[in-house]
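Notes follow once the structure below has been shown.
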Amino acid sequence: METTQVVIAGAGPTGLMLAAELRLAGIEVVVLDGLPARTGESRAGGIHARTMEVFDQRGLLERLLLHGRPIQAGHFAGLGLDFTDFATRYPCTLAIVQADIERELDQYAAGLGAPVRWGTPVLGFGQDATGVEVEIGGPRGGRIRCAYLIGCEGGRSTVRKLAGIGFGGTDATMTGMLADVELAEPPAEAAIFSRRRGPGDYSVLQFQPGWYRLIVQRHDRVLDRTAEPTFEDFRDSFREIAGTDFGMHSPRWVSQYGDAARQADRYRADRVLLAGDAAHIHYPAGGQGLNMGVQDAVNLGWKLAAVLRGEASDVLLDSYETERHPIAARVLHNTRAQTALARPGAHADALRETFAGLIEIDDVRAQLGLMISALDIRYDLKGDHPLIGRRVPDADLTTTRVHKLLVAGRPVLLSLNGAVAPSVEGWADRLDHVAADCEASYWSVPGVGDISTPATLLIRPDGYVAWAADGPGDDGLSDALSTWLGAAAISAGC
Ligand SMILES: Cc1cc2nc3c(=O)[nH]c(=O)nc-3n(C[C@H](O)[C@H](O)[C@H](O)COP(=O)(O)OP(=O)(O)OC[C@H]3O[C@@H](n4cnc5c(N)ncnc54)[C@H](O)[C@@H]3O)c2cc1C
């Protein structure tokens, strides 16, 4: 029987990013997808600041920028949110279709040694104390034995169901339909706009010169999950709400979605874990799903690698759920709020107007925008320094910048401006130690404000700060090293 260290079910953005993270860390991976080949469906339309930073940390962002367009189009339930003053190198949304992201991630993962095996659906699995036996369908089907199986196969995850993991939440209350089309009579308005009319609303987004994504949302009907809408269904529904079809033609993709919001009640069943849509689904408002899947992958990958290399105990894997479950719960919560604000009628109109006024208040706008862009995430890690648990700012250093230090996916101990590096004996081969100069006397941290430039930092491979100090001293450092890198190695000899 074929053996490998990790089997990933599903080659969407989550599975691909996870495969790449594991390969960077030297782990053997097999990526399986039930589809015969990539469909090229456009799907998601954008990524936010934190995901741009995550791609940048691995040297991937430049390639994605070639396909996308930075836009100021953040919103909450269609009410505009300005991101321009956020303390990040990317205070915007990158308009880029999921198909382009997947194509780049396919190449990136394959280049690292994890090509996708298409036409190989995961049908079942059995696990014991030492591993998982995965049953695969398709012409190249059979069984693979691995140490861990990760379900990244989307909202209808087979792995989640077979692992007996509950997927509780709320059912759909509305239906959204979308089509990527060309327009014979394009609207005169801005490249992106939405209008509320009758029992729903419609939106027009110009993705590229010549083609548009049109969306119609209706609160007078609930998604029929078994139906595949045709272009004619979409055009009729759009015309009914918008009063025009803008001469739409040449559809590239037609689809529908609802506002069902569900989350796996646990992300781990022993040697089986879930990530991305397999662990959480929600209304696509604010464009947060793909972002979350990529960030799940980057949270899980290095932890799983440290366990598989025998450096850390598998308790480290529990921190994946502890850290990521509340993030998805928060997204489900905010998308439910956005559905409520999107409903038709005088009550929702009044609520929207009130909300639109509140968003004018800077602190309110910042709170919502930092949540949608995921720049405000603070994992609950031990330590008092304001950076601990937050993503490290991408500060300029004399010879490079902080996020570039993370390209290899390894932990980094960063000593700034001549700070004496604390001893990391016992862990030295598991991290990169970098001494650098940083001219800035303060760093701006989203959700915190300006803080003095720290002296020393321990940065995890996912870009979150595990430990920091403003001066000499290493209080708490060995605790952080043991927690995130595993117990110290005992040196040989006497
Ligand atoms: C209309 C719409 C707009 C959206 N816009 C945005 C946006 O702007 N920004 C954003 O962040 N998110 C957006 N999203 C959400 C985003 O598309 C998803 O969150 C994202 O695709 C999740 O990625 P994933 O890799 O977890 O799962 P998926 O992309 O669903 O990939 C799962 C893969 O698993 C495969 N698979 C399924 N079953 C099996 C099996 N048994 N064995 C092997 N393989 C299997 C599938 O073929 C698929 O390739 C949008 C969603 C919709 C519907």
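Values quoted throughout were computed directly from the atomic coordinates according to the rules given, and no laboratory measurement underlies them. Bear in mind that the values here come from a model prediction, so they are computed numbers and not experimental data. Quick reminder, even Gly has a Cβ in these numbers, built from the backbone with ideal geometry, and neighbours come from all protein chains shown.
So here's what we get for this one:
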quantity: Partners for K404 among lysines (Cα-Cα distance below 19 Å; same-chain residues under 8 apart left out); calculated: none
quantity: Gained length - I490 relative to D82, 0.36 nm times residue gap less alpha-carbon distance; calculated: 141.7 nm
quantity: Lys, Arg +1 and Asp, Glu -1 on Cβ, resulting dipole of the stretch 1-56 about Cα centre, debye, nearest 20; calculated: 140 debye
quantity: Phi to ³J(HN,Hα) by Karplus 6.51 cos²θ - 1.76 cosθ + 1.60 over the stretch 31-39, Hz, x for Gly, Pro; calculated: 10, 10, 9, x, 5, x, 6, 4, 7
quantity: Unit charges at the beta carbon, dipole of the chain: most positive-side option, M248, L79, A346; calculated: M248
quantity: MRE, 222 nm, helices only [DSSP H, n ≥ 4, -39500 (n - 2.57), over the chain, to nearest 500]; calculated: -9000 deg cm²/dmol
quantity: Added length on full extension, which subtracts the Cα-Cα distance from 0.36 nm per residue, T3 to S441; calculated: 152.5 nm
quantity: Mean separation of Cα contacts under 8 Å, 6 or more apart, over the residue count of the chain: relative contact order %; calculated: 16 percent
quantity: Vicinal HN-Hα couplings computed from phi for the stretch 72-82 (Karplus, 6.51 cos²θ - 1.76 cosθ + 1.60; Hz; Gly/Pro x); calculated: 9, 10, x, 7, 10, 6, x, 8, x, 10, 7
quantity: Set of aspartates and glutamates with alpha-carbon distance to K303 below 13 Å, sequence-local pairs under 8 removed; calculated: E21, E311, D314, D318, E321, E323, D462
quantity: Estimated distance in nm for a label pair at A184 and L358, the labels positioned 7 Å out from Cα along Cα-to-Cβ; calculated: 4.5 nm
quantity: Pairwise FRET efficiency - A350 versus E62, Cβ, R0 = 51 Å, nearest 0.05; calculated: 0.65
quantity: Candidate aspartates and glutamates - alpha carbon under 15 Å from K161, same-chain residues fewer than 8 apart omitted; calculated: E135, E153, D265, D270, D277
quantity: Antiparallel content of DSSP bridges confined to the chain, in %, to 5; calculated: 75 percent
quantity: Placed amide H near V116: partners under 5 Å, 5+ positions off or other chain; calculated: none
quantity: Karplus-derived HN-Hα couplings along the stretch 273-279 (A = 6.51, B = -1.76, C = 1.60, θ = phi - 60°), whole Hz, x at Gly and Pro; calculated: 10, 10, 8, x, 4, 4, 9
quantity: Proxy reagent accessibility, fewest Cβ within 10 Å first, across I359, I136; calculated: I359, I136
quantity: Over the stretch 371-438, relative contact order from alpha-carbon pairs under 8 Å, at least 6 apart, %; calculated: 27 percent
quantity: Sorted by Cβ density within 10 Å, fewest first, the residues V97, V407, V6; calculated: V407, V97, V6
quantity: Using alpha-carbon coordinates, inclination of helix 98-111 to the longest axis of the chain, degrees; calculated: 30 degrees
quantity: Rounded FRET efficiency, nearest 0.05, which uses the C-beta distance separating R221 from R143 and R0 of 35 Å; calculated: 0.20
quantity: Packing rank of 236-248, 437-449, where each peptide gets the mean count of other beta carbons within 10 Å, highest leading; calculated: 236-248, 437-449
quantity: Sequence-distant residues sharing a close amide H with G124 (under 5 Å, placed H); calculated: E135
quantity: Least to most buried among I361, I47, I327 (fewest other Cβ within 10 Å first); calculated: I361, I327, I47
quantity: The stretch 60-162, relative contact order in percent, only Cα pairs under 8 angstrom and at least six apart counted; calculated: 16 percent
quantity: Order by protection proxy (mean Cβ within 10 Å, highest first), peptides 33-42, 288-297; calculated: 288-297, 33-42
quantity: Modelled FRET efficiency - R0 60 Å, S482 with E240, Cβ distances, 0.05 increments; calculated: 0.45
quantity: Inter-site label distance for T453 and D432 at 7 Å from Cα along Cβ, in nm; calculated: 2.0 nm
